[in-house]
1. Quickly run through region 151-166 and pick out the residues that are open to solvent by less than 10 Å² (accessible area, probe 1.4 Å) and of a type in the set (Asp, Glu).
2. Are any of the residues in region 313-332 under 12 Å from LEU300 (Cα atoms), free of Cβ contacts under 8 Å to residues at least 24 places away in the same chain and open to solvent by 10 Å² or more (accessible area, probe 1.4 Å)?
3. So, in region 233-254, exactly how many residues are outside any strand (DSSP E or B) and either modelled with pLDDT of 95 or more or touching a Gly at 6+ places or on another chain (Cβ under 9 Å) (or both)?
4. Could you check region 442-471 and list, in sequence order, the residues that are assigned to a helix (DSSP H, G or I) and either open to solvent by less than 10 Å² (accessible area, probe 1.4 Å) or within 27 Å of ASP187 (Cα to Cα) (or both)?
5. Quick one: which residue in GLY424, GLY391 is surrounded by fewer than 16 Cβ atoms within 10 Å (Cβ to Cβ) and within 25 Å of HIS185 (Cβ to Cβ)?
6. Of everything in region 367-382, what is in contact with a strand residue (DSSP E or B) (Cβ under 9 Å, 6 or more places away or on another chain), over 17 Å from VAL350 (Cβ atoms) and open to solvent by less than 10 Å² (accessible area, probe 1.4 Å)? Give them in sequence order.
7. For TYR169, which of the numbered conditions (1) among the hydroxyl-bearing types (Ser, Thr, Tyr); (2) over 16 Å from SER93 (Cβ atoms); (3) open to solvent by 60 Å² or more (accessible area, probe 1.4 Å) fails to hold?
8. Kindly list the number of the only condition in (1) open to solvent by 60 Å² or more (accessible area, probe 1.4 Å); (2) in contact with a strand residue (DSSP E or B) (Cβ under 7 Å, 6 or more places away or on another chain) that fails for VAL92.
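The values are calculated or read from the model by the stated rules, or taken from the named source; none is laboratory data. Quick caveat: nothing in here was measured; it's all calculated off a predicted structure. With ideal geometry, Cβ positions are generated from the backbone for all residues, glycine too; neighbour counts draw on all protein chains shown. All accessible areas refer to the heavy atoms of the entire protein, side chains included, with ligands and DNA or RNA removed. Shrake-Rupley method; radii C 1.70, N 1.55, O 1.52, S 1.80 Å.
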Amino acid sequence: MTRNKLVVLGGGISGYGSAILAKKEGFDVFLSDRGRIADRYKAKLEEWEVPYEEGSHDEARILAASEVVKSPGIPESAPIVRRIRAAGIPVVSEIEFAGRYLDGARCICVTGSNGKTTTTSLVYKILRDAGFNVALGGNIGESFAYSVATGSYDWYVLELSSFQLDGMYDFRVDVGVLMNITPDHLDRYDHCFQNYVDSKMRITRNQLPADAFVFSGDDPVIAGELPKYDLRQRLLPFTARAGAASTTAASEAPASADEAAATVGTTSDAASASTAAAADGARLDGGCFTARLGDRCVTLDTACMRICGLHNAYNAMAAALAALAAGVDEASIRRSICAFDPVEHRLEPVAEKEGVLWINDSKATNVDSVWYALESMTRPVVWIAGGTDKGNDYEPLKAFARAKVRTLVCMGLDNAKLVREFTGVVPEVISTSSLDEAMTAARRAARRGDAVLLSPACASFDLFKNYEHRGACFKEWVAANA
């Protein structure tokens with residue numbers, strides 16, 4: 001085993017960036033991907049003269065490494081990962097590896113089961129608009145490692161999945177943001193929710209007293225975790241006052257719409273036994289929020305925002321607190337939040353044709369995301385859902401479905417569960433097995449003044465490559481046929 005020999009496992013955006021950074025830093029680096037590497041990544045690897053393989057794993061070469069950087073999409077159960085672990089070779093994530101070469105730059109890192117893409121994008125916009133020298137990366141944007149290798153930034157704003165957090169050990173987050181924790185990806189965590197929770201809480205790992213931890217003060221899971229940790233960093237909770245804008249706990253959608261206001265008051269109190277009275281943090285009250293850090297304060301009427309709904313009020317409060325912690329001035333934060341447009345594939349208005357509004361929420365791959373989508377709807381809804389079910393419990397969606405959904409169009413290869421769960425809940429349930437069939441059914445069901453909402457609650461892999469492909473196909477169909 002050569003001390004300076006590094007293997008990168010996986011040739012996607014995380015892998016190619018890690019390999020190029022390793023090459024720049026003088027490692028004897030080799031990249032291996034059992035599948036096919038995209039042409040654009042192969043071109044970059046060849047430009048940097050990084051040796052690689054695709055279609056198989058050279059086990060002897062991989063097991064000769066002193067360290068392995070594993071791409072987040074590769075599970076621990078993969079045979080090659082098990083062999084690497086058995087050989088005692090350290091395995092880290094791209095984030096851990098790239099974090100060693102920041103040269104004084106600082107990081108704002110955002111995680112959570114829902115809301116992290118919008119919040120990360122919003123934080124990045126705020127810092128960029130304020131003139132900061134900042135890069136966007138992690139689970140969105142460019143590879144973090146590639147940005148470290150090829151650029152020179154003062155700040156990195158990173159979206160981190162639980163899989164990226166799992167491979168972090170010494171990396172320290174200057175400003176950590178935890179939006180919420182709800183069941184997701186349990187197939188990667190031995191079907192144990194606590195394992196997933198532990199992964200999300202790694203965002204606090206190694207933080208110092210001068211660092212900041214922004215978190216939902218309305219999330220009961222986070223509330224239960226806080227006492228387990230010796231948190232010495234600045235704690236910045238964001239909460240909603242009971243009854244504000246028909247709010248509910250960020251991570252636990254109630255079983256009925258009537259329970260929403262009561263749920264907020266209960267979970268907020270539980271989540272912040274030690275922090276609710278603190279002056280620092282953010283609070284939504286009657287459609288306006290105040291975010292405070294020391295003697296600096298941002299007050300904003302959410303009616304000015306282009307992104308709507310309770311979930312986006314939470315996202316904006318989290319982003320405002322992170323930006324305050326980074327030193328952005330209050331007026332700049334307000335301007336950027338009000339000018340921020342919806343993220344692609346997340347409650348993205350696509351078009352209004354013949355009085356029907358078409359909305360792309362393809363990124364809503366779990367029940368909690370769909371709950372917030374339905375909560376934000378102000379028109380009667382034709383709801384398109386379905387795909388690869390992840391063991392979903394649809395009960396939390398039924399109150400809004402009864403109140404707001406005119407027709408449910410199920411789009412997937414196996415719709416039996418959705419049909420069973422929502423028959424009798426909404427007036428009409430239609431089962432389809434293709435995008436064109438589903439969209440045609442939605443167009444036929446929609447009336448003037450309705451919204452057609454693609455908010456699947458499921459993964460996309462039965463009919464599409466990923467949620468982006470699903471959303472893009474939705475938008476193309478609307479442009480051509482709606």
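1. Matches in region 151-166: GLU159 only.
2. Yes, some residue in region 313-332 is under 12 Å from LEU300 (Cα atoms), free of Cβ contacts under 8 Å to residues at least 24 places away in the same chain and open to solvent by 10 Å² or more (accessible area, probe 1.4 Å).
3. Of the residues in that region, 8 qualify.
4. Result: ALA442, TYR467, GLU468, HIS469, ARG470, GLY471.
5. One residue alone meets the criteria, GLY391.
6. Correct list: VAL370, LEU374.
7. (2)
8. Condition not satisfied by VAL92: (1).
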